[in-house]
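Here's the structure we're looking at; comments come further down.
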Amino acid sequence: MIDIKQIHHVAYRCHDARQTVEFYQHYLNMDFLLAIAEDRVPSTKQPDPYMHVFLDAGQGNILAFFELPTQPAMGRDPNTPSWVQHIAFELADREALIAARQELEDKGLEVLGVTDHGIIQSIYFFDPNGHRLELTCRTGTPEQLQQLKQVAPTMLEEWSQTKKAPKHAAWLHQQEFSTESE
């Protein structure tokens, strides 16, 4: 039986490994853990030089990037909205979220939010590679989370059949999503 302990790392592509490491160090205070560079892909043995960098995302989580100089320029799926694919990092509480937003804005980043999702609150911004980043804090109660877990299978089944948003968790959005200006 598979017994997953945690995500070891999540890897994305980057335009420039140095610029990416410097961004995550400067804006998110991540420690640069290690770099691996080879001329061949270890799993396939294909000749394809790369730089693979690893950053400490806290609590044993690792965020990694590949720079691939011999491949066509990186892009994104034009059929997927930019808000869909993102990397979310959790902060301790709302106060830390507000402080992070101010710090990022003070460093010159454009930040969207605070957006209230009912059980979490989040801010959003982009890294130099175009990856959307989210900083979030939990605000939901254990009872709210349990209620959402209970209705999840029913919601998924309804969605699978209708492709329309089920209303079992509509209470999350009773207040329209908002971007506060604090």
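The values are calculated or read from the model by the stated rules, or taken from the named source; none is laboratory data. Everything quoted here is computed from the prediction, not taken from an experiment. Neighbour counts run over all protein chains shown; Cβ positions are idealised from the backbone, glycine included.
Hey, among the residues in the range 92-102 that are out of contact with any Leu (no Cβ under 9 Å at 6 or more places or on another chain) and free of Cβ contacts under 8 Å to residues at least 12 places away in the same chain, which one's farthest from Gln25 (Cα to Cα)? Of everything passing the filter in the range 92-102, Glu95 is farthest from Gln25 (Cα to Cα). Restricting attention to the range 107-128, the residues that are farther than 20 Å from Asp93 by Cα and without any contact (Cβ under 8 Å) to a residue 60 or more places away in the chain add up to 3.
In the range 111-154, the residue that is nearest to Leu172 (Cα to Cα) out of those that are in contact with a Leu (Cβ under 9 Å, 6 or more places away or on another chain) and assigned to a loop (DSSP other than H, G, I, E, B) is Gly118. Residues in the range 1-37 that are in contact with a Leu (Cβ under 7 Å, 6 or more places away or on another chain), basic (Lys, Arg) and loosely packed, with under 13 Cβ neighbours inside 10 Å: there are none. Is one or more of the residues making up the range 64-77 acidic (Asp, Glu) and either closer than 30 Å to Gln144 by Cβ or touching a residue at least 12 places away in the same chain (Cβ under 8 Å) (or both)? Yes, the conditions are met somewhere in the range 64-77. Hey, does the range 20-29 have a residue that's without any contact (Cβ under 8 Å) to a residue 12 or more places away in the chain, in a strand (DSSP E or B), not assigned by TED's automatic domain parsing to the domain that holds Ala96 and not basic (Lys, Arg)? No, the range 20-29 contains no residue that is without any contact (Cβ under 8 Å) to a residue 12 or more places away in the chain, in a strand (DSSP E or B), not assigned by TED's automatic domain parsing to the domain that holds Ala96 and not basic (Lys, Arg).
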